[in-house]
Each structure stands twice: as structure tokens, then as C-alpha cells.
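A.B. asks: Okay, here's the structure, questions in a sec.
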Amino acid sequence: YGVLPLYSTATISGGTISGSKYSVYAEFNSTATISGGTISGGENGVYAKSNSTATISGGTISGTGGNLSKTSGVCAASNSTVIISGGEISGYYYGVLPLYSTATISGGTISGGQYGVMASGSSVTISDGEISGEYSVYAVDSSVVEISGSEISGEYSVYAADSSVVEISGGTISSDAFDIEIHDSSITLTLGEDGVGATFPGGIKVRYLTTLNEILGEGAAYWQGNTMILPADDA
């Protein structure tokens with residue numbers, strides 16, 4: 001461990017911190033507040049567990065070693081919370097990994113070698129920032145994800161499976177293969193508070209178990225510039 005708050009609070013605003021497995025590990029109702037510095041190495045850059053909270057507004061955080069299939073920049077597990085408003089976060093496998101926890105992302109740059117943000121049984125709110133990965137935003141195990149902003153890009157941008165629910169009301173979404181992919185779940189395109197929804201710079205590419213009309217929320221439509229596009233019922 002680099003920094004290990006247990007039943008306590010850690011505030012990090014600078015310096016360099018590393019651990020062979022966990023660089024910053026907060027457990028048992030603890031709090032880690034990070035506004036600067038470099039946190040690197042180990043399986044997880046920052047790990048919050050057992051009703052703990054990690055608040056990140058700056059700094060560079062990465063997870064690069066250990067068990068590579070579990071490596072993340074930031075992980076929240078066992079009913080914990082991660083709040084990200086800034087900083088650069090990266091992981092060899094996961095950028096941000098909420099496991100039966102809560103994540104709020106309103107800024108920063110997040111990247112993962114496989115998954116940018118991977119929600120498993122979790123609640124995730126994304127309103128700003130940049131997110132990238134082979135799968136940029138990935139929701140499984142009955143997760144609920146709300147995307148109202150941010151720049152999301154990857155091979156596959158937004159993926160939902162295992163009874164997950166994703167609502168997209170804003171942001172810029174682009175992909176090399178598919179923007180939206182659905183398996184036994186729902187993804188809905190809705191309008192934001194300004195009456196505008198998400199933007200798909202390369203056009204919208206959807207895969208599996210849906211039509212373009214089925215994913216439109218009430219009052220929403222597809223537009224290209226100032227022209228409304230009316231897809232066929234089976235498109």
C-alpha cells in the first residue's frame with residue numbers, strides 16, 4: 001500500500017504515491033480526497049471499499065500492474081462512492097470500475113485499455129469529461145447509467161447487458177464499430193434540459209435487439225443538421 005486510510009481521512013494534493021497492489025486504499029467508512037499529485041502502479045491507483053468515498057478533482061492516477069484483468073485507475077467496491085470532477089485517470093484494463101457502488105463523473109479524462117467506465121451492479125452518472133476505451137461505457141448486472149454530457153469514444157462506445165438501464169440525454173458519442181450495443185437491457189436516447197440530446201459525429205451505429213425508433217425517448221427525434229430523419233419502423 002502507498003496510502004492506507006482505515007476508519008479515517010486522507011487528503012492528497014501533490015507528491016508521488018505508489019504501491020505494489022494498491023496505491024491509495026480507503027476502507028471502512030474512510031475518505032480519500034485527491035486534488036493533485038501522481039498516483040501510480042499496483043493493481044489499482046485508487047481503491048475505495050466498504051462504504052468509503054474517493055473524491056478526485058485533479059492529479060494523475062493510473063493502475064498498471066499486478067493482476068492485469070483486475071487493474072483499474074479507480075475502483076469503488078462494496079457500497080462505496082467515487083466522485084470525479086477532474087484529473088487524468090487510466091488503467092491497464094479499467095479506467096473507472098464501480099462494483100455494486102456509485103460513481104459520479106463531471107470532468108477529467110478517463111481511459112482504460114479494455115473499459116473506460118465499467119459499471120457492475122452500480123449507479124453511474126456522467127455529465128462531463130472525456131471517456132475512452134475499447135468499450136468506453138459498459139454496464140452489466142442491473143446497473144443504471146445516466147449520460148447527460150462528456151465526450152465518449154472507443155471501438156464500442158456504450159454497451160448495456162444483464163438487465164441494465166442506460167439513458168443518454170447529451171454528450172458526444174463516437175465509435176469505430178458501434179455507438180450503442182444492447183443485450184437484454186435498455187438504452188434510451190432522450191432530451192436534455194436544453195431540449196437537445198446527444199450528438200453522434202459519425203452517425204449512429206446500433207447493434208443487437210433493437211431498432212432506431214425503439215431507443216428514442218418521448219419527444220426525441222434524429223436530426224442531421226436542420227433536417228429531421230424519420231427511420232423506417234424496422235431500421
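The values are calculated or read from the model by the stated rules, or taken from the named source; none is laboratory data. Since the structure is predicted, the reported quantities are computational estimates derived from the model, not experimental observations. All Cβ positions, glycine included, derive from the backbone under ideal geometry; neighbour counts span all protein chains shown. Note: areas computed on protein heavy atoms with side chains; ligands, DNA, RNA excluded. Shrake-Rupley method; radii C 1.70, N 1.55, O 1.52, S 1.80 Å.
A.B. asks: Can you list the residues, at least 5 places off or on another chain, whose amide H is less than 5 Å from the amide H of residue 48, using H built in the peptide plane?
C.D. replies: 26, 75, 76, 77
A.B. asks: In addition: Could you compute how much accessible surface residue 128 exposes when probed at 1.4 Å, giving the result in Å² to the nearest 10?
C.D. replies: Counting only protein heavy atoms, residue 128 exposes about 80 Å² to solvent.
A.B. asks: Sticking with this structure for a sec: If you take the charge dipole of the chain about its Cα centre, with +1 on Lys and Arg Cβ and -1 on Asp and Glu Cβ, which of 90, 15, 101 is farthest toward its positive end?
C.D. replies: 15
A.B. asks: Could you sort 200, 28 by their accessible area in this structure, using a 1.4 Å probe and putting the largest first?
C.D. replies: 28, 200
A.B. asks: Can you list residues from other chains, or at least 5 along the same chain, whose modelled amide H is less than 5 Å from the amide H of residue 55?
C.D. replies: For residue 55, the qualifying residues are 32, 33, 34, 83.
A.B. asks: Sticking with this one: Roughly what % of DSSP beta bridges within the chain run antiparallel, to the nearest 5?
C.D. replies: DSSP beta bridges in the chain are roughly 5 percent antiparallel.
A.B. asks: Just going by the charge dipole of the chain, with Lys and Arg at +1 and Asp and Glu at -1 on Cβ, which of 4, 204, 136 is farthest out on the positive end?
C.D. replies: 4
A.B. asks: Give me a comma-separated list of calculated 3J(HN,Hα) values for the stretch 92-99, in order, Karplus coefficients 6.51, -1.76, 1.60 applied at θ = phi - 60°, integers in Hz, x for any Gly or Pro.
C.D. replies: These are the phi-based 3J(HN,Hα) values: 4, 10, 10, x, 10, 10, x, 10 Hz.
A.B. asks: Could you tell me which of rounded, prolate or oblate describes the stretch 9-92, using a ≥ b ≥ c as the square roots of the eigenvalues of the alpha-carbon gyration tensor, with rounded for a/c under 1.5 and, failing that, prolate when a/b is larger than b/c and oblate otherwise? Don't skip to the end; give the middle numbers.
C.D. replies: Working: a/c = 1.57, a/b = 1.07, b/c = 1.46.
Taking the square roots of the gyration eigenvalues as a ≥ b ≥ c, the stretch 9-92 is oblate.
A.B. asks: In the stretch 77-201, carbon and sulfur make up what percent of the accessible area (probe 1.4 Å)?
C.D. replies: Carbon with sulfur: 42 percent of the solvent-accessible area.
A.B. asks: What does the accessible area of residue 196 come to, in Å² to the nearest 10, when a probe of 1.4 Å is used?
C.D. replies: The value for residue 196 is about 80 Å².
A.B. asks: Let me ask something additional. Long-range amide H contacts for residue 216: which residues qualify at under 5 Å (H placed 1.01 Å from N, peptide plane, sequence gap of 5 or more or a different chain)?
C.D. replies: 189
A.B. asks: In debye, nearest 20, what is the charge dipole magnitude of the chain about its Cα centre with +1 on Lys and Arg Cβ and -1 on Asp and Glu Cβ, if you could check?
C.D. replies: For the chain, the charge dipole is close to 940 debye.
A.B. asks: What whole-number distance in Å separates the alpha-carbon centres of the stretch 135-181 and the stretch 32-100?
C.D. replies: Going from one Cα centre to the other spans 20 Å.
A.B. asks: While we're on this one: Would you mind calculating the gained length between residue 229 and residue 176 on full extension (0.36 nm times residue separation, minus the Cα-Cα distance), in nm to one decimal?
C.D. replies: Residue separation times 0.36 nm, minus the Cα-Cα distance, leaves 16.8 nm.
A.B. asks: Something else: Just the number please: accessible area per residue for the chain, 1.4 Å probe, all protein chains included, in Å².
C.D. replies: 43
A.B. asks: With a 1.4 Å probe and every protein chain kept in, tell me what percent of the accessible surface of the stretch 1-50 is carbon plus sulfur.
C.D. replies: Carbon and sulfur atoms account for 45 percent of the accessible area of the stretch 1-50.
A.B. asks: Could you name the lysines whose alpha carbon sits less than 17 Å from that of residue 205, not counting residues in the same chain fewer than 8 places away?
C.D. replies: Partners within reach: none.
A.B. asks: Along the charge dipole of the stretch 28-166, Cβ charges K/R +1 and D/E -1, which of 47, 71, 154 sits furthest on the positive end?
C.D. replies: Final value for the positive-end residue is 47.
A.B. asks: Here's a follow-up. With θ taken as phi - 60° and the coefficients 6.51, -1.76 and 1.60, list the Karplus ³J(HN,Hα) couplings across the stretch 43-59 in order, rounded to whole Hz; mark glycine and proline as x.
C.D. replies: 5, 10, x, 10, 10, 10, 9, 6, 6, 9, 10, 10, 10, 10, 10, x, x
A.B. asks: Across the stretch 167-181, in residue order, what do the Karplus-derived ³J(HN,Hα) couplings come to in whole Hz, using 6.51 cos²θ - 1.76 cosθ + 1.60 with θ = phi - 60° and x for Gly and Pro?
C.D. replies: So the J values, rounded to whole Hz, are 10, 10, 10, x, x, 10, 10, 9, 8, 7, 10, 9, 6, 9, 9.
A.B. asks: Once you order the gyration tensor axes a ≥ b ≥ c over the Cα atoms, which shape class does the stretch 1-45 get: rounded for a/c under 1.5, otherwise prolate or oblate by comparing a/b with b/c?
C.D. replies: Working: a/c = 2.51, a/b = 1.19, b/c = 2.11.
It is oblate, given that a/c is not under 1.5 and a/b is not larger than b/c.
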